[in-house]
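Okay, structure first, notes after.
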Amino acid sequence: MQKYIESLSKNIHEPDARIKAVIFFLIAALNLACAALVFYTGGTKFSYLHLFYVPIIITGFYFGSFWGTVSGIISALLIGPFMPESFEPIVHQKPEIWVFRLVFFGMVGTLAGLFSELTKAYRRMLEQQYLTDPVTGLPNFRGLQTLVQSDPRGVGLYAGVIVIKVQHISEIDKSLGPDSAEKLLKTISTHFKNIAQDSCVLSRLSGAKFAMLAHQGHSLSEILFKCHEHLDHDFIVDGIPVYVEFYYGAVETSGVDSLNDLLKKAGIAADRSVDHNMPEAYYEPQFDEQTQRNTQLLREFKVALQEKAFSLNYQPKYDLSSGEIVGVEALVRWAHPQMGMISPALFMGLAEHTLLINPFTRWLIQEALTQHEKLLQKGYQLSMALNFSMKNLQDPAILEELWMEIERRQIPHYLVEIEITENAIAHNIDRIADILVAIQEKGVRIAVDDFGTGASSLKYLFKLPIDVLKIDQTFVQAMTNNSAAEAIVRSATTLGHELNLKVVAEGAETEEQFNLLKKIGCDLVQGYFIARPMPEELLYSWLDAKKSQVKRIIPGQKAHH
Ligand code: C2E
Ligand code: CA
Ligand code: CA
């Protein structure tokens, strides 16, 4: 593989033969012109001899130290023993003078050559570093790109691209340290090199992502078969067996796609194989359509945000012990111009991967707290739950805005609740610990959403200041027919109570589920059985109809616990 890189940097620096010939004739002509000038101006006593440095240095620079020395000697001989010091009267040069000049010119040529050779070697080294991944010695993305561009046939030289995603490297980096992760990557790259041999060019694109560019005449399926055969085992790092998984995405060259397009397509296919837990996936245009649809949806999301096309629905929460409605959760709705009302499940996941989630949540805070203030003014002492994503917690401006709006509207802090999914919390314990403490110090409550679906570890429960557990609806809906689901709801409730947390069951749809939740001892229930999420107007009529069952502020008092 190194030979590819070396050949690349040579290609970059060596002038081609035609340019070399032109430079050679230029030097010869300059030499002769200088000799003629010395001759016609009356011999070597005048300083025109110094002009010879120009062709000598040029030779050294372009052709190296050997030819630089030769050029110096030839130049010195041209104005050597046969060139008089002066013509009128004729005075010959003393031999020591022209011999000294011969040595000196030769040295200038050598030095010019050496200097240029060193500079070129240094540049080549830098270039190699720029094109190579230092850990595996493989070409990096730039190396691959330079290699493909160095041939006029470009990607046409290759049959297709395979992108390989190696999973669990970051876990190994965390548990065994970065040197072990590097050693593992080196071992993996050696396996890939053995597979690649002469059938393809191998590259490490980034962290745990490799690419293979298969030469024409080699089939992608054969290479993939070899990969599965050779890499299907555990690896040993520092004597410890470690588990890594390989996911492959492949695409054949099409004649129109650039290297970038091919890598992107093979990368999309590799993501597909990760998402669907398949060992390999060949790129299909509909993958791209999905990506394009998502991109389009995100673009429209941004516009919707500017044009205020979102609205909120509110879903009531029912307190099983008091029999009262005690709060609502704000759930976003998007009136899409073509698709109609679309579910947040379709777009919130996408938005949470971009920074658009922050302006969105700022809007959410404004909208939900405006509503909250109205509810309180009407005498309903209800809590308001807002769904926050991880990025929201990491943006101090969001929390500032939340505090400001709560203060400005004089909403009791304990009536505001932030819901964060268990997955987001469990995977970011250290990053969010201080932020959650600050939220709790303000008196705002923190709920773990979708409890039971996320992490395998419950460490966050004793590390972080949590107030509420929301048991995921899949367990609640299954529990009346499935004893394991019922056991999970029961244990989650006990666990929550042991930890002094309020337990909310999400997604109760039937009376049977409702009764069972009551029996189990859940604190609150939310679900279609109580009420569906409703727009503002409906919420008010619903609350008004239920008046006696809605927690109310005692007249003359502010909202209180
Ligand atoms: P979530 O926070 O778990 O919200 C509960 C979802 O369950 C809501 O779906 C609600 O309409 C639905 N649901 C409630 N009761 C029942 C029931 O009895 N049966 C069934 N089948 N479903 C029920 P929705 O409104 O489509 O929201 C989906 C998800 O989108 C939410 O799940 C939440 O993760 C996210 N989301 C919604 N609004 C926001 C928001 O403002 N910000 C963020 N970051 N995420 C939001
Ligand atoms: Ca929620
Ligand atoms: Ca939930």
Only Lys, Arg, Asp and Glu count, each charged at its Cβ (+1, +1, -1, -1), so figure out the dipole size of the chain about its Cα centre, rounded to 20 debye.
1240 debye
Inter-part gap, Cα centre of the stretch 377-439 to Cα centre of the stretch 81-122, in whole angstrom, is 82 Å
Want the number for A478 to S491: 0.36 nm per residue separation, take away the alpha-carbon distance, what's left?
3.2 nm
Okay, helix-only estimate at 222 nm for the chain: each DSSP H run of n ≥ 4 adds -39500 (n - 2.57), divide by all residues, round to 500 deg cm²/dmol; what do you get?
-17000 deg cm²/dmol
Nearest 10 degrees is fine. How inclined is helix 17-40 to the longest principal axis of the chain, computing both from alpha carbons?
40 degrees
Normalised alpha carbon radius of gyration of the stretch 430-509 [divisor 2.2 N^0.38 Å]
1.15
Span per principal axis, largest first, for the Cα atoms of the stretch 332-473 (Å):
40, 39, 29
Return, for the Cα atoms of the stretch 289-335, the radius of gyration and Dmax in Å, separated by a comma.
16.9, 51
Are there chymotrypsin sites (Phe, Trp or Tyr not before Pro) in the stretch 31-76 that DSSP marks as loop and that have at most 16 other Cβ atoms within 10 Å, and which are they?
F46
Taking the dipole of the chain about the Cα centre (Lys, Arg +1; Asp, Glu -1; charges at Cβ), the one of T453, G160, F246 that reaches farthest to the positive side is G160
Find the centroid of the Cα atoms in the stretch 175-201 and in the stretch 251-301, then give the distance between the two in whole Å.
25 Å
At 25 °C and 0.890 mPa s, grab the translational diffusion coefficient of the stretch 232-271 from Stokes-Einstein with a Kirkwood Rh over Cα pairs, rounded to a whole number in µm² per second.
199 µm²/s
Rounded FRET efficiency, nearest 0.05, which uses the C-beta distance separating T190 from D288 and R0 of 45 Å:
0.85
Which log10 I(q)/I(0) values, to two decimals, does the chain give at q = 0.11, 0.13 Å⁻¹ under the Debye formula with one point per Cα?
-1.07, -1.25
Among trypsin sites (Lys or Arg not before Pro) in the stretch 325-383, those in a DSSP loop whose Cβ has at most 15 other Cβ atoms within 10 Å are K378
Taking the Cα centre of the stretch 336-413 as origin, sum charge times position over the Cβ atoms of Lys and Arg (+1) and Asp and Glu (-1), and report the length of that vector in debye to the nearest 20.
220 debye
Stokes-Einstein translational diffusion, the stretch 154-301 - Kirkwood Rh over all Cα pairs, 0.890 mPa s, 25 °C, in µm²/s
153 µm²/s
What FRET efficiency comes out for the pair Q394/A28, r = Cβ-Cβ distance, R0 = 60 Å, nearest 0.05?
0.30
With only alpha-carbon pairs counted, each pair once and no self-pairs, how large is the Kirkwood hydrodynamic radius of the stretch 258-370 in angstroms?
16.9 Å
Rounded, prolate or oblate (a/c below 1.5 giving rounded, otherwise prolate when a/b exceeds b/c) for the stretch 436-561 by Cα gyration tensor
oblate
So the angle from the long Cα axis of helix 429-441 to the longest Cα principal axis of the chain, reported in degrees to the nearest 10, equals 40 degrees
Where a ≥ b ≥ c are the square roots of the eigenvalues of the C-alpha gyration tensor, would you call the stretch 79-175 rounded, which needs a/c under 1.5, or, failing that, prolate if a/b is larger than b/c, or oblate?
prolate
If R0 = 22 Å, then D430 and E182, at their Cβ-Cβ distance, give a FRET efficiency to the nearest 0.05 of 0.40
Here D for the stretch 233-322, in µm²/s, from Stokes-Einstein with a Kirkwood Rh over Cα pairs at 10 °C and 1.306 mPa s, works out to 91 µm²/s
Partners for K183 among lysines (Cα-Cα distance below 25 Å; same-chain residues under 8 apart left out)
K3, K165, K174, K193, K209, K226
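Throughout, read-outs are computed from the coordinates displayed, never taken from laboratory work. Just so it is clear, the model here is predicted, and its values are computed rather than measured. In this analysis, Cβ positions are derived from the backbone assuming ideal geometry, glycine residues included, and neighbour counts consider all displayed protein chains.
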